[in-house]
1. Looking only at the stretch 110-126, decide whether some residue is of a type in the set (Gly, Ala, Ser), closer than 23 Å to Thr54 by Cβ and out of contact with any Cys (no Cβ under 7 Å at 6 or more places or on another chain).
2. Could you count how many residues in the stretch 97-107 are surrounded by fewer than 19 Cβ atoms within 10 Å (Cβ to Cβ) and in a strand (DSSP E or B)?
3. Name the residue, out of Lys2, Lys51, Lys90, Lys40, that is modelled with pLDDT of 90 or more, more than 24 Å from Phe175 (Cα to Cα) and open to solvent by 80 Å² or more (accessible area, probe 1.4 Å).
4. For the structure I just gave you, tell me whether Leu163 is among the hydrophobic types (A, V, I, L, M, F, W, C) and part of a loop (DSSP other than H, G, I, E, B).
5. Go through the stretch 90-109 and give me each residue that's in contact (Cβ under 8 Å) with a residue 12 or more places away in the chain and not hydroxyl-bearing (Ser, Thr, Tyr).
6. Kindly evaluate Asn158 against the criterion of being of a type in the set (S, T, N, Q) and open to solvent by 70 Å² or more (accessible area, probe 1.4 Å).
7. Would you check if Asp115 is more than 20 Å from Ile32 (Cβ to Cβ) and not small (Gly, Ala, Ser)?
Amino acid sequence: MKYFLLISFLFLGITVNAQSESNNYQVTLNRIGPFKIEMKKEDVEKILKTKIKTPNNSNAIEYNYDTILVDYQNVNYTLVFFKNYISETKYEIALFSIKSKSPLLKTKSGIRVGDDKMKIIETYKDYDFYYSFIYEDDGQGNFKRSKTRSVIQLKGENENYSLFFYLNEGKVEGFEASFFEGC
């Protein structure tokens with residue numbers, strides 16, 4: 001009986017650890033890895049175990065963004081912070097968007113870096129999505145439509161968030177979860 005209980009607890013511990021580890025590499029409409037849209041700056045600092053500077057958001061009057069690059073569990077992230085207004089006189093610094101190109105990441109449906117755009121379209125056919133080309137600077141200050149780079153933006157029916165799949169030659173090269181700022 002002792003061995004049965006010991007084996008049961010060991011199996012349970014491994015299962016919980018595996019689920020926690022897989023969440024650190026999961027991509028959804030409002031999260032990438034352990035970072036979630038609207039997550040308070042203090043909570044991000046707890047995950048990273050370091051202080052984050054957000055000088056653009058220190059001014060109480062202006063509305064600016066702060067972008068920082070971090071490495072967490074072998075994944076490079078671009079985190080964008082904003083002033084999340086709670087009321088007219090109160091706000092908190094929180095995550096506006098999360099971006100990464102790590103091959104360790106994948107969606108709940110299994111989309112990962114290297115998959116093609118048709119897999120995204122077939123997998124997310126019940127979502128609203130927008131497909132557009134990326135416009136790149138030609139070095140002269142002119143922006144021209146890229147022949148190879150594009151983006152698919154997913155939005156759930158009742159969601160305030162979007163998931164972007166950045167594509168290069170029709171293959172996923174990165175993800176971004178962000179607030180949906182459209183109509």
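The values are calculated or read from the model by the stated rules, or taken from the named source; none is laboratory data. Everything numeric in this text was worked out from a predicted model, so none of it was measured. Glycine gets a Cβ as well: all are built from the backbone with ideal geometry, and neighbour counts include every protein chain shown. Calculation scope for accessible area: heavy atoms of the full protein, side chains included, ligands and nucleic acids excluded. Shrake-Rupley method; radii C 1.70, N 1.55, O 1.52, S 1.80 Å.
1. Taking every residue of the stretch 110-126 in turn, none turns out to be of a type in the set (Gly, Ala, Ser), closer than 23 Å to Thr54 by Cβ and out of contact with any Cys (no Cβ under 7 Å at 6 or more places or on another chain).
2. Number satisfying all stated conditions: 1.
3. Lys51
4. When the stated conditions are applied, Leu163 does not pass them.
5. Glu92, Ile93, Ala94, Leu95, Phe96, Ile98, Lys99, Lys101, Leu104, Leu105, Lys106, Lys108
6. Here the answer is yes, as Asn158 does meet what is asked.
7. no
Quick grid of which residues meet (1) at negative phi; (2) open to solvent by 80 Å² or more (accessible area, probe 1.4 Å); (3) part of a helix (DSSP H, G or I); (4) out of contact with any helix residue (DSSP H, G or I) (no Cβ under 9 Å at 6 or more places or on another chain):
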site: Ser109; (1), (2), (3), (4): yes, no, no, no
site: Gly114; (1), (2), (3), (4): no, no, no, yes
site: Ile120; (1), (2), (3), (4): yes, no, yes, yes
site: Asp126; (1), (2), (3), (4): yes, yes, no, yes
site: Tyr130; (1), (2), (3), (4): yes, yes, no, yes
site: Glu136; (1), (2), (3), (4): yes, no, no, yes
site: Gly139; (1), (2), (3), (4): no, no, no, yes
